[in-house]
Each structure stands twice: as C-alpha cells, then as structure tokens.
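The structure appears right after this line, and notes come after that.
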Amino acid sequence: MESYRMSAYAGVFAVSCTREQSTGAAALQRERQLNQFLLEVERRALRIAEISVRDRDEALDLVQDAMIKLARNYAERPDGEWAPLFYRILQNGVRDWHRRQKVRNRVMVWFGRGATAEDDYDVAANAPDPAGRTPEAELQTGEAMQRLEVSVHELPNRQREAFMLRMFEGLDVAGTAVAMGCSEGSVKTHYSRAVHTLRDKLGDHWQ
Amino acid sequence: MKDRGKQLEEQAKELFDESVEKLDAATLSRLNQGRHKALEELHRPGVVKWHGPLWGAPAAGVFAVAVVAAIVMRGPASVDAIDDPVTASDFEMLLEADSLEMLEDLEFYSLLDAVDAETNGNVG
C-alpha cells in the first residue's frame, strides 16, 4: 500500500515537472519569437515615428512604449497579428504625442508664454536636421531623403500613416487597416491620395 | 515606361530602407535597451500596475485644481493670442502621468509671472 502511494506521488510529481518544463519551454519560445519580431521591426518603426514627430529622442520613447505595451498586452496573441497591433499602438502614441504638443502650446498661451516671438519659433521645424543626426549622417542620408521626409511629414495625418505603413513597413491593406483602426477602403483612399500628393510635390525633383 | 506613381513608390522605399540601414550605433543601442525592457514585461505577473510614483495621482489633482483656478481668476493672457478656449478634455490630457512634468513647468511659469508682477508693482 505504502509503495503504491509512493509511486503515485512520484507519478504526480513527474507529470507536474513535465508540465512545468513544457510551460517553461513554451514561454521561452514565445519570448524568443517576440524578441525576433521586435528586432525585425524596431528600426523601421523608429524611422516611421521619427518622420511623424521629427525628433529622434521622442521617437525612441514612442517606439519603446509601443514595444512594452505589445509585450504586456498582446504577447499571447498569434505572432502573425503582432505587426498590425504594434503599429496600431505606435500610431496611437504618435497621435497622443501630437495632441499633447497642441495642448501644451495652447495652455502656454493661456499663461502668456505662447505669444512671444521666441516661443513661437518652432525649433523642430527650423532645425537644419530635424532628426538630430550628425552632419556626416545627414550627408549620407542625402537631400532626396530629406525632401521625402519633409513631404511625408507634411501629409495629412491619415495619409501619412497609410503611406508609411504600406510603403515603408510593407503591411498589406488588411494589416494597415488594423493598424490605423479603419476600413480597408479608407486605407486605399488615404494611400492613393498620399501617393498623388507626393508625386506632385516630389515629381520634379525625382524625374 | 514605368508609371510615375510606381516609380515614386520604389524610390521612396529605397531611400527609406537606406536611412534605416544607416542608423547610428547609439540609436541602435537605445533600441536594444528598449526591446529588453519590453521583454522584461513577459516575466512580470499579469496584474495591472501603476508604474508612476505613488504621489502622482494626488499631485496631478492638486496641480489641475491650481491650473483651473489660475485660469478662471486670470483669464487668457491675451485675447488676440488664442484661437480656442482651453477645454475640459485638455485638462484630462494634462492629468495623464506623462504630463506631470509639464504641469510642474506651468507652476514654475505662474510663479515667474507672479514675481514679475510684484517686481513691476502691478500687484493689488
């Protein structure tokens, strides 16, 4: 009887250990997959955020926040869904950033801090290189990229999002729709308008 | 002959990819740190956590009341200088944890204004 009980305990212990090992292995595998996904996406995401906010430090913060939120809230989702979810989080972050900037400026006006010429000077818009790169890097990137960045930045928000997600990140229409939180038809419209606008703006330089 | 739109798309993609490849080491290092920070989230228990300081919420409340009171008592700095009034949703946004630093700035600016007013003998 005693030996039977001992072997039953041993069996339960073995099953329990095996289950923990397999759960641990699955978790490790998940972590590796997420790491690989973030590694693949982080640099393009940074440049996309940077073109939107025109500040590299702010863009780095936005990308990091998006990575943390994805890991915290969506790590268990199928990895095929990560890209649109990640970009949805990032785009929301960018939109919040723009709203905060607007409110900050508006509140500063209420406190009499927004009306002076000094405060009206938009440092980001007037900086020689909005991305904050070194002169060497700026030269490397080239004038064409500078023109493209400025032109994309000046697009209306939704057109800019559609263009960057489709063209720079390579999301398909369905993925872009998830990332932007709109219909596939809207994505096509925004994207087409963006290309049309950019062609008009850049066409002469790029022939 | 290629369609002009297609040509633009290809050129834009090429330039963008090139700029991604040329990111500097310091930036890549920060991205790396950010990624590891994100992966640490996987090892945390699945509970909703408040990441900000414990005094954040009450401090935000006090700042918000101070800001609203200051605006109500003082009115806009210059009627010509403002297009839209500050709305309730603006204050909601200001109450977000990320905006605490900005609220602290506002307190500092209002202090500067008070000191200015006193120095110029405009008080009372």
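FYI, it's all coordinate maths here, none of it is from the lab. These numbers come from a predicted model, not from an experiment. Here Cβ is always computed from backbone atoms with ideal geometry, including for glycine, and neighbour counts include all displayed protein chains.
For the reader, a short list of remarks on this structure follows.
- Each label point was placed 7 Å from the Cα along the Cα-to-Cβ direction; for residue A:172 and residue A:40 their separation is 1.4 nm.
- Filter on A:201/B:37; A:69/B:22; A:69/A:201 - keep pairs with C-alpha separation over 29 Å: A:201/B:37; A:69/A:201
- Relative exposure of B:6, A:69, B:37, judged by other C-beta atoms within 10 Å (fewest first): B:6, B:37, A:69
- Peptide-level mean, for A:96-104, of C-beta atoms on other protein chains within 10 Å: 4
- Calculated on alpha-carbon atoms, Rg and Dmax of the range B:4-43 in Å: 15.8, 50
- Ordered by the count of other Cβ atoms within 10 Å of each Cβ, fewest first, A:52, A:151, A:186 give A:186, A:151, A:52.
- One chain, two ends: residue A:27 and residue A:150. Fully extended at 0.36 nm per residue, the span grows by 40.0 nm beyond their Cα-Cα distance.
- Centre separation in Å (Cα based) which lies between the range A:158-207 and the range B:1-33: 15
- The modelled label-to-label distance between residue A:101 and residue A:182, using points 7 Å beyond Cα along the C-beta direction, is 1.9 nm.
- Residues of the range A:30-68 with amide N under 18 Å of the 7 Å Cα→Cβ point at residue B:28: A:36-48, A:60
- Per-residue average of Cβ from other chains inside 10 Å of A:29-37: 2
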